[in-house]
1. Picking from L87, L163, L109, which residue would you name as being crowded, with 16+ Cβ neighbours inside 10 Å, under 17 Å from the mean Cα position of the chain (by Cα), in a strand (DSSP E or B) and at pLDDT 90 or above?
2. List the residue pairs whose Cβ atoms are under 8 Å apart, where the first residue sits in the range 173-188 and is touching a residue at least 60 places away in the same chain (Cβ under 8 Å), the second is among the aliphatic types (A, V, I, L, M) and part of a strand (DSSP E or B), and the two are 6 or more positions apart or on different chains.
3. Please go through the range 124-145 and give me each residue that is in a loop (DSSP other than H, G, I, E, B) and modelled with pLDDT of 85 or more, ordered by number.
4. Mind listing whichever residues of the range 85-118 are touching a residue at least 60 places away in the same chain (Cβ under 8 Å) and more than 15 Å from M49 (Cβ to Cβ)?
5. Give just the number: which of (1) within 24 Å of G166 (Cα to Cα); (2) not in a helix (DSSP H, G or I) does Y94 not satisfy?
6. Among the listed residues I96, I92, identify the single one that is surrounded by 15 or more Cβ atoms within 10 Å (Cβ to Cβ), closer than 26 Å to K148 by Cα and among the β-branched types (V, I, T).
Amino acid sequence: MNYRFFTLIKLLLLVVALGLASFLAFGESGKNVAPDQNVVFVLDINRTMNTKDVFSGTKQISRIQAAKYLIQKTIISDPQFSYGLMLFNAGIDYIIPPTFDSWTFLLYLSWITTNLLPDWAKDFIQLSWLLRDTEYTSYIILSDFDVKAQQRGIKLPTWTSLLWLGSLAGDKVRSANGILYYDNGKSVFSARNDQFAKSLNLPYTTTSQMSNISLNHLLYHGFILPLSQRIFLYTLLGILVILVVLL
């Protein structure tokens, strides 16, 4: 009776141990992963981000308002990551290194506008030079990817996701106070540039409806387990192996 019972328990522990070992060895292989995250939001603050073509309910808000809202919502709802913030346009400014101090982050975020950097053509080439390709940092680029001139040689880090904000049809670009922008006597128009965004060969999400999008799915896209959870599972596997040997 006891022998059969211990044999059954040993067999059960062996099955669990094999299953856990398989999960740790193969369960996350082949994914676009970035363990133990620092998450850096890379926010486009070109004037085109003032275009009001994102729907929040029945109200249209600007692309930069939508981006800031999504960043704020993400930090409040998912505080397990260390968050940082970069601004880019023709230049780049790393204003908040990754931090768990969400109050300070959100205070800085509330003051972000589209007039903080030189308002020329947004430069993804320079951005690619400055983003570090490290397994401990993921980047989420929030932009309308409205790039007119050809930009070649862009190599963004492996752990980067792209979020396009705005409508497919596009709209006229306005200043923060609603006044139309004019170049050479013509109003400036900004529309979606799928071709450029897809040429970056990274996970690419588009939305014009605030209700349809959350950054959380980008945070968990291909992520492996945090270090603390992996240590726990490896410890559990070791205990199971010891029990199987001793029983």
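The values are calculated or read from the model by the stated rules, or taken from the named source; none is laboratory data. Note that the structure is a prediction, hence the values are computed from the model and not measured. All Cβ positions, even for glycine, are placed from backbone atoms using ideal geometry, and neighbour counts span all protein chains on display.
1. Working: L163 fails: at pLDDT 90 or above; L109 fails: in a strand (DSSP E or B).
Selected residue: L87, the only one of L87, L163, L109 that is crowded, with 16+ Cβ neighbours inside 10 Å, under 17 Å from the mean Cα position of the chain (by Cα), in a strand (DSSP E or B) and at pLDDT 90 or above.
2. Once the first residue is touching a residue at least 60 places away in the same chain (Cβ under 8 Å) and sits in the range 173-188, its partners that are among the aliphatic types (A, V, I, L, M) and part of a strand (DSSP E or B) give V173/L180; R174/L180; V188/L180.
3. To start, the set of residues in the range 124-145 that are in a loop (DSSP other than H, G, I, E, B) comprises 131-136, 144-145.
Hits for the range 124-145 are L131, D144, F145.
4. Going through the range 85-118, the residues touching a residue at least 60 places away in the same chain (Cβ under 8 Å) turn out to be 98, 112-117.
Correct list: P98 only.
5. Tallying (1) within 24 Å of G166 (Cα to Cα); (2) not in a helix (DSSP H, G or I), Y94 fails exactly one: (1).
6. Numbers: I96 fails: closer than 26 Å to K148 by Cα.
Going through I96, I92 in turn, just one is surrounded by 15 or more Cβ atoms within 10 Å (Cβ to Cβ), closer than 26 Å to K148 by Cα and among the β-branched types (V, I, T): I92.
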